[in-house]
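Right, one structure below, let's go through it.
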Amino acid sequence: MPTFVPLLNKEQISRLPEKAREVVEYRKSGLSLNHVQGCPLDCAYCIRHTYGLWDARQPRALMTDAEAVAELVNHRYFQPHVTPIQVFNRATDPFLPAVRPHTFAVLEDLDARGLRNHALVITRHQMKPEDSDRLNRLASVKVTLLFTYSGIENKDIEPYPSHVAAESLKLMSAPRERQYRTVLYWRPLVPGLNDSPEHLDRAYELSQHADATVFTGLFYRDQIADYYRANQLPEPYDETARRKIVPETLERRVLSTFAGGESLFRKTSCAVSYAHGEPDYNGHYGIRELCDICPLAQLDLCASAHRVPTTDGIREVARTLPEASGLVVVDITERAAIVSGLAEEQPRYYLQHALGFQVHDVRHPHHDRQHGRADIGWKEPTS
């Protein structure tokens, strides 16, 4: 597989921030492959800030596509047919002109291996009619295109116009018979910026073209807040948070706008699984207040797959991970397994996907009705 963007040499790679050198990384919705990094779209809230890659605007490759896929499928966290995969979701857009060939090379390599894993591809860029034909030739891997759409009109915050993603969603959703699925990835929702009645109504209209819609808020980390202040951008919140911020009143307005619809979800994995006619691979069913907007048929599907693991079962799955040697199972309920002793998040995600059941870290409790979001904008939380 050739490289279509500049290939960095070892010395150049060594000068990258440590996190940027990690080509395969477990993120919440899947094992993330990011051997191409750099994006010129310049969304002010981009997660690149947190990886020390904000100034990397020209896409560059750390290795060839073939080497990257080999590293992915041989990674200790990768489980064939089980682990959800995300392609170029951390430091570039997978359908930038220079990056597009790499995206297809990765998907086609995975497909040629007969893998049936979910593959999530998140984009806000322009798609082409021939993209549908090429994606439809993939026979095994389950591709979902998630079109990032915010409706934000402030060019200092989001220079690349949202209408491009909207038109791409319509284009890729139009074919009646297709192997891939489409999701309206409505994000980031920010009070006072893109939550007017007109913004919400436009998103509802656009959702009619997608197989599913998921809404979420803003990751407002320290590095992003620093950038906002340095560039005199309107600060959306007075504090930063580890999780995405979706205030309670904003969620209520979204649900009101979508009342009567049947394909709106709070979680990415719920939307992706619904679009493919499968139970949620993240096992959210135990957190029942998440499910109050789900179609009844989807609830039945998730209920049929819901299995509460035992302590021994969790330990057996964790046994292969050296970084999980200190794992302690604190509690197991119908909602989630509560664990401690993990130094980082990645092994927890591995356990969650291996078990198909929610695994929460005791240090970061999930509060009732907040759906794993930041406390900002919610009443006093109840565990």
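Taking amide H as placed 1.01 Å from N in the peptide plane, the amide H of ILE338 sits under 5 Å from that of VAL330, ASP331, ILE332, THR333, HIS360, each at least 5 places away or on another chain. One entry in (1) 28, 57, 16, 0; (2) 25, 55, 14, 5, 1, 0; (3) 28, 63, 9 is P(r) over Cα pairs in 20 Å bins from 0, in percent calculated from the shown coordinates; its label is (3). Couplings 3J(HN,Hα) of the range 57-62, computed from phi: 9, 8, x, 9, 9, 8 Hz, in residue order, whole Hz [Karplus 6.51 cos²θ - 1.76 cosθ + 1.60, θ = phi - 60°; x for Gly and Pro]. Counting Lys and Arg as +1 and Asp and Glu as -1 over every other residue whose Cβ lies under 15 Å from the Cβ of ILE332, the net charge comes to -1. To the nearest 10, the accessible area of LYS155 is 120 Å² with a 1.4 Å probe. In this simple spin-label model, placing a label point 7 Å from the Cα along the Cα-to-Cβ direction at both GLU278 and THR240 gives a separation of 3.5 nm. Applying a DSSP loop filter and a limit of 14 other Cβ atoms within 10 Å to the GluC sites (Glu not before Pro) in the range 225-290 leaves GLU239, GLU262. Given +1 at the Cβ of Lys and Arg, -1 at the Cβ of Asp and Glu and no other charges, the dipole of the chain around its Cα centre is 500 debye to the nearest 20. Using the Cβ-Cβ distance between GLU18 and ALA303 with R0 = 51 Å, the FRET efficiency computed as 1/(1 + (r/R0)^6) comes to roughly 0.75. For LYS155, a cut-off of 28 angstrom between C-alpha atoms picks up these lysines, skipping any fewer than 8 places away in its own chain: LYS128, LYS170, LYS244, LYS267. Restricting the GluC sites (Glu not before Pro) of the range 131-190 to loop positions (DSSP other than H, G, I, E, B) with no more than 16 neighbouring Cβ atoms within 10 Å leaves GLU153, GLU177. Restricting the range 1-67 to trypsin sites (Lys or Arg not before Pro) that sit in a DSSP loop and have at most 11 other Cβ atoms within 10 Å of their own Cβ leaves ARG15. Each of GLN223 and ALA70 was given a label point 7 Å from its Cα along the Cα-to-Cβ line. The distance between the two points is 2.9 nm.
Each of HIS209, ALA259, VAL308 was placed along the dipole of the range 206-311 (beta-carbon charges, centred on the mean Cα), and the one lying farthest toward the positive end is VAL308.
Looking at the chain, what % of its DSSP beta bridges pair antiparallel, to the nearest 5?
Values: 11 of 38 bridges.
Bridges in the chain are about 30 percent antiparallel.
The label-point distance for ARG252 and ARG319, in a model that sets each label 7 Å from Cα toward Cβ, rounds to 5.0 nm. Atom-type composition of the exposed protein surface of the chain places 49 percent of the accessible area on carbon and sulfur (1.4 angstrom probe).
Taking every protein chain into account, the accessible area of the chain amounts to 42 square angstrom per residue (probe 1.4 Å). One decimal place: the segment ASN9-HIS364 gains 123.9 nm when fully extended, by the rule 0.36 nm per residue minus the C-alpha distance.
The values are calculated or read from the model by the stated rules, or taken from the named source; none is laboratory data. Small disclaimer: the values here were computed from a predicted structure and weren't measured. So basically every Cβ, Gly included, is an ideal-geometry build from the backbone, and we count neighbours across all protein chains shown. Protein only, heavy atoms only, side chains kept; ligands, DNA and RNA dropped before computing areas. Shrake-Rupley method; radii C 1.70, N 1.55, O 1.52, S 1.80 Å.
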